[in-house]
Amino acid sequence: MNANPEREDVVAEGVRFSIYRDVPKWEGYRTASIGKVKISDPEMASRKLEEAAATLKTEGFEAIIGPMDGSTWHTYRAVVESDGSQPYMMEPMSGPHDVAVLKETGFQPISHYVSSRVQTEEAIGPEEASHPRITIETFDGRNADALFGEVFDLSLQGFSENHFYKPITRDAFLDL
């Protein structure tokens, strides 16, 4: 029996991934997601992903997306290009076979995302940015719970209309 009823782990020699059945719909379709993807044997991974897709189809799922660990509050996206830099906190890392195997088994990009690093001056210019409703301050390390509580409120407001949005509690957010 799986310890987490929201997630089914698939483990075989050379592949590991999780199936999430309680995910937001894609384009109105009953949707599942494949996440926590780790592939060292592309052939076995293809076979196991195809088996998972067939099982999900018999269960009435009309769309399978991935990689996404259940929702966008957790790791999602496949990295298709990288300069080798370490990812930002909570940014995904894809293995050397992930993208090829996902494409081979029928996954196609449904959106694109770019992460980049630049010096603040390059991003906003040499003049200090200002906006009447935005204050930029250096975090002093104090009262982190209150600050991240504000980040939680802002995140709910900013992301609630996004694809794959799924409500999350404040405690679950702070655990992340």
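The values are calculated or read from the model by the stated rules, or taken from the named source; none is laboratory data. As the structure is a computational prediction, the values presented were derived from the model and not from experiment. Cβ coordinates were reconstructed from backbone atoms using ideal geometry, including for glycine residues, and neighbour counts include every protein chain displayed. Side chains included, ligands, DNA and RNA excluded: accessible areas come from the protein's heavy atoms. Shrake-Rupley method; radii C 1.70, N 1.55, O 1.52, S 1.80 Å.
With all protein chains present, how much of the accessible area of the chain (probe radius 1.4 Å) comes from carbon and sulfur, to the nearest whole percent? Carbon and sulfur: 51 percent of the exposed surface of the chain.
Could you report the stretch 36-176's accessible area per residue, 1.4 Å probe, as an integer in Å²? Please report the intermediate quantities before stating the final value.
Working: 10730 Å² over 141 residues.
Accessible area per residue: 76 Å².
Excluding same-chain neighbours fewer than eight residues apart, the lysines reachable from Lys166 by a Cα-Cα span under 17 Å are Lys25. Return the label of the correct value of Kirkwood radius over Cα pairs in Å, as calculated from the structure shown, out of [x] 21.2; [y] 17.5; [z] 18.6. Comparing each candidate, only [z] matches the computed number. Here's the list of lysines a cross-link from Lys48 could span, going by alpha-carbon distance under 19 Å and ignoring same-chain residues fewer than 8 apart: Lys36, Lys38, Lys57, Lys103. Result for the chain in a Gaussian network model with C-alpha springs under 10 Å: among Thr75, Thr58, Thr135, the largest mean-square fluctuation is at Thr135.
Remark: the stretch 1-142 carries a charge dipole of roughly 460 debye about the Cα centre, counting +1 on each Lys and Arg Cβ and -1 on each Asp and Glu Cβ.
Between the residues Phe61, Ile136, Gly95, the greatest Cα displacement towards the positive end of the dipole of the chain, with unit charges on the Cβ of Lys, Arg, Asp and Glu, is found for Phe61.
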